[in-house]
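Presented below is the structure to which this report refers.
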Amino acid sequence: MTAGAPVTARPQTGLNASPPLVDRRVAVGGFVVELEAFSGPLDLLLHLLREEQIDIADIPIARIADQFLAAIHELGLNQAADYLEMASRLVRLKVQMLLPRSLDGEEWEDPRAELVRRLLEYQQIKEIAHWMAAAAERRSLRFGRGYLPPPPEIPPLPLTLDLFELLSAVDRTVAGILHPVLHRVIARPLNVEGATLRVQSLLEDREEFVWFEALGARPTISDLLSLLLALLELSRRGLCFVLQPAAFEPLLVRRESPRPAA
Amino acid sequence: MNPLAQLLEAALFAAARPVAAEELVTLDPDASLDDVRAALDQLREHYDFDGHGVELVELAGGYQILSRPAFAAAIERAQLNVRQPRLTPAMLETLAVIAYRQPVGRAEIEDIRGVSTSGVLRSLQERGLIEVTGRSEGLGRPLLYGTTPLFLELLGLSDLQNLPRAEELTIALQPPKAEAVGPDDAAAYVAADR
Amino acid sequence: MNPLAQLLEAALFAAARPVAAEELVTLDPDASLDDVRAALDQLREHYDFDGHGVELVELAGGYQILSRPAFAAAIERAQLNVRQPRLTPAMLETLAVIAYRQPVGRAEIEDIRGVSTSGVLRSLQERGLIEVTGRSEGLGRPLLYGTTPLFLELLGLSDLQNLPRAEELTIALQPPKAEAVGPDDAAAYVAADR
């Protein structure tokens, strides 16, 4: 079992070498666009362990938790959800480590075991990634045939398309949607009858009034829409007339059809 | 073959276009144009006398290595030199939106994909994967698109119901459903009043 | 070179992609798979011993003629071709998880990497390095991803078995479920999971 091996035992190739803590780009607004040096919280954690030459099987959680928090603060990562999640996990572990170990003689289960497992797993993925980077680098030194003369006239081949190709496209499309396109229509109470009554009672008192007199003191959007619908409905039935004396002036609501002065 | 001939072979092979001798000189700072011409001759002779399936050809655009015409028929028969035409990612994504939202207009497709799609829609129509299925009642009465029987045939589906259900994939591609509306609902009021 | 080797050279040249031996057999109705393999060996040896700028490489389950690495710098300097851009660390890590765990869903990838991965998955799909290979039976029936032949081509591997085996790595792969496998046999786990 290699679980006991110190992290520092890893071969330190050029790709593997610990990145400096500076030099990474974090966009404003807490969105991590590209982190040049760290590809995630596990990566940052491994970096800290390596810096301190800590045995991965026996992590001093309290110290590492503090360093992790300091690091994400320094890197401006304290907005990034993935890093915050790791930070809270470490703080939780720190508390668990302080609990009294065994009261009834049962075997103590190390609360760090899961973290160690994930770190080792991730470390291996990183090692494979480095191997793959080197393989791709070697491959990129060989070119395939660069120039293909235009093919002779051939009848068009049947297209190929399979369901998973389409599903991939759905997946990509959805990933590309920045804002959800679904709108939920929230029912707002419109009181058109109330607005109609208000308009009618105002017209009983007066020949004409300015439209917003029919609104209360602090009208809501619903009040406004209710009045609008009421006015439209009343004028459609010929029970009132809406006119605008001049451009940009407030609308007037009248009892009688406006006639040119005799 | 001498080292320069090897370099020229590798370069002509990898070059994305036919290359003139004057340009090939830039490959090796120590080589003259005459050196390059001599190495090209060596390469040509090697191909010709050593029994190769390829040859060095000089055309207007420059030098290139081509497979010998004698083998053209066999290669064409085996269809090794043609790739199965595949749909581009943009075409697939547009097709995906249409498959799940049809009938659907261009504006909605572009809204979902976030990019203009007119060229893609045309190619999908040319390939017979989508067709105009009607016009929307909306402003400007835009064309509505849907998938064709050929689309189902290529996917090996008997009908559209066999597509994986959209809600299993993601909520974002669900067809918009009319929500149940209460009596107080503005939309309901407006609709009823029309 | 014998006539079959010449034909194969011409065909591999024209195809400009890895071609499987099984596909190459169709070039000549009189040739067997063994004949083709023997002729390919002859072609490879000819390239190696006769000092050619190109070589025969086994790649992505097939054979392809590629230029030799020694000439890459000169070819790039002369601007005849450009090398593939490097993959980002996030792309490499995601590819590593997918290569060893395929078919694998997004949740598992994110669990191992500790970060959200949807943008990376999208780019990898767009570059044709991974594809959706199925759907999990689990909750929400998430999509499962696998690597493509292009992934092998990019890394210069002839198949997935060429990836380093777990025991060759300094850290042994930890099976996610301890009871699933015997002690420490990560390779068995990976194989069983495929």
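Bear in mind that the values in this text are calculations on the coordinates, not laboratory data. Predicted, not measured: the structure shown is a model, and the values here were computed from it. Glycine gets a Cβ as well: all are built from the backbone with ideal geometry, and neighbour counts include every protein chain shown.
Can you compute the FRET efficiency between A:T160 and B:A21 using 1/(1 + (r/R0)^6), with r the Cβ-Cβ distance and R0 = 30 Å? Round to the nearest 0.05.
0.15
When a footprinting reagent is the concern and you count Cβ atoms within 10 Å, what order do A:T220, C:T88 take, fewest first?
A:T220, C:T88
For the range B:1-95, with only Lys/Arg (+1) and Asp/Glu (-1) charged at the beta-carbon, what is the dipole magnitude about the Cα centre, in debye rounded to 20?
700
Which is farthest toward the positive dipole end of chain C among C:I112, C:L163, C:P3, measuring Cα position about the Cα centre, with Cβ charges +1 (Lys, Arg) and -1 (Asp, Glu)?
C:I112
Treating the beta-carbon of each Lys and Arg as +1 and of each Asp and Glu as -1, no other charges, what is the dipole magnitude of the range A:196-238 about its Cα centre, to the nearest 20 debye?
Value, rounded to 20: 180 debye.
Averaged over C:150-156, how many beta carbons belonging to a partner chain fall within 10 Å of each residue's beta carbon?
So the per-residue partner count for this stretch is 4.
Tell me the mean residue ellipticity at 222 nm calculated for chain C from its helices only (DSSP H runs of n ≥ 4, each -39500 (n - 2.57), averaged over every residue, nearest 500).
Value at 222 nm, helices only: -12500 deg cm²/dmol.
A:A81 to A:L239: FRET efficiency via 1/(1 + (r/R0)^6), r the Cβ-Cβ distance, R0 51 Å, to the nearest 0.05?
It comes to 0.30.
How about the range A:64-146: which trypsin sites (Lys or Arg not before Pro) there are in a DSSP loop, with at most 15 other Cβ atoms within 10 Å of their Cβ?
Of the trypsin sites (Lys or Arg not before Pro), the ones in loops of the range A:64-146 whose Cβ has at most 15 other Cβ atoms within 10 Å are A:R101.
Compute the label-point distances linking B:G114 to its equivalents in the other copies; points lie 7 Å from Cα along Cα→Cβ; give nm, one decimal, shortest first.
Listed shortest first, these distances are 2.8 nm.
Stokes-Einstein D for the range A:203-262 at 37 °C, 0.692 mPa s, Kirkwood Rh over Cα pairs, in µm²/s?
265
Please name whichever of B:L80, B:V54, B:S67 sits farthest to the positive end of the charge dipole of the range B:24-127, dipole taken about the Cα centre and charges placed at Cβ: Lys and Arg +1, Asp and Glu -1.
Of the listed residues, the answer is B:L80.
Using a 10 Å cut-off around each Cβ, can you sort B:M91, B:M1 from fewest to most neighbouring Cβ atoms?
B:M1, B:M91
Between B:E126 and C:E76, what is the spin-label point distance in nm, taking each point 7 Å from the Cα along the Cα→C-beta axis?
Distance between label points: 3.6 nm.
At R0 = 25 Å, how high is the FRET efficiency between A:E249 and A:T220 if r is their beta carbon distance? Nearest 0.05 is fine.
Step by step, r from the Cβ atoms, then E = 0.55.
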